[in-house]
Amino acid sequence: MRSPLHNEKYAFLLEELQELRKRKGWNQRALAAELGIGQDLVSRAESGKRRLDVFELALWCQACGTTLEKFVKRLDKRIRSNQLPGLLRPDDADDSH
């Protein structure tokens, strides 16, 4: 059973996935075409019905014009801004590296 904290953090991850795609100006079908997968897989990933592994997440980020590192830092910032323990150590979350 997942903790409520995990569920809340995962909800932020799902929101970040959707926002990443939308910032690119794409609908789910366009992202799916870029990734070479079906639109249903994008939909299921964004809704939390299907989990992405780290390699899939890296490809998703790359398709949307960012890096996995930038995505994780953005997610960490969002989590911390909601008064939850972050994913990164404070010095690793600094974008100046």
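The values are calculated or read from the model by the stated rules, or taken from the named source; none is laboratory data. Being a predicted model, the structure only gives us computed values, none of them experimental. Note: ideal-geometry Cβ built from the backbone for every residue, glycine included; neighbour counts use all protein chains shown.
Remarks
- Residues that are surrounded by 14 or more Cβ atoms within 10 Å (Cβ to Cβ), free of Cβ contacts under 8 Å to residues at least 12 places away in the same chain and assigned to a helix (DSSP H, G or I) within segment 26-43 comprise 30, 32, 33, 39, 41, listed in sequence order.
- The sole residue among 46, 15, 8 that is surrounded by fewer than 17 Cβ atoms within 10 Å (Cβ to Cβ) and modelled with pLDDT of 95 or more is 15.
- Some residue of segment 2-18 being free of Cβ contacts under 8 Å to residues at least 24 places away in the same chain, among the basic types (Lys, Arg) and not in a helix (DSSP H, G or I): yes
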